[in-house]
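Step one of this worksheet: look at the structure below.
Every number in this text was worked out from the coordinates using simple rules, so none of it is lab data. Worth saying up front: this structure is predicted, and the values here are computed from it rather than measured. Here the Cβ positions follow ideal geometry from the backbone for every residue, glycine too, while neighbour counts run over all protein chains shown.
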């Protein structure tokens, strides 16, 4: 039986899959292994896989077939030290970014979708995505950290994500 934290993470991945499916009217699914097959210490496995196999094993959410540049990590945690973003070192976020890059390809749209107990839902994306519009984001290294509503509440962002991923 999975731990409570694993069950909580799996539920968040399912929630994100449903959210993206409804938002884009296309099928998004939770990857059963949560991206572990080609992420982290298993990145070496990409050498023996074909392109479509790699795409279906990176990140936590598998997008529709034509979203070839989508790479998403989903994180659901009890707490997050927001003040560390301002101090310039957040080890937990650094770990997640590192995980993302382990599975990432050069042209990927990398995004981390996060949920913290009693603190809401949040988004982090690479700052090189200049067409994303947020007015209250926190720049952290080469990433922007913002609220879920700030990111997904903007129709231009929704459309840009789709274009960037195809």
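Some observations on this one:
- Förster radius 35 Å - calculated FRET efficiency between residue 119 and residue 68, Cβ distance, rounded to 0.05: 0.60
- Under a Gaussian network description of the chain, with springs only between Cα atoms under 10 Å, the residue in 44, 140, 125 that fluctuates furthest is 44.
- Three-way shape call for the chain based on the alpha-carbon gyration tensor, with the a/c threshold at 1.5: rounded
- Distance distribution P(r), the range 83-158, all Cα-Cα pairs, bin width 10 angstrom from 0: 17, 54, 28, 1 percent.
- Placing R0 at 41 angstrom, the Cβ-Cβ distance between residue 102 and residue 7 gives a FRET efficiency of 0.95 after rounding to 0.05.
- FRET efficiency, 1/(1 + (r/R0)^6) with R0 30 Å, evaluated for residue 23 and residue 81 via beta carbons: 0.55
- Rounded to 5, percent antiparallel among DSSP beta bridges of the chain: 65 percent
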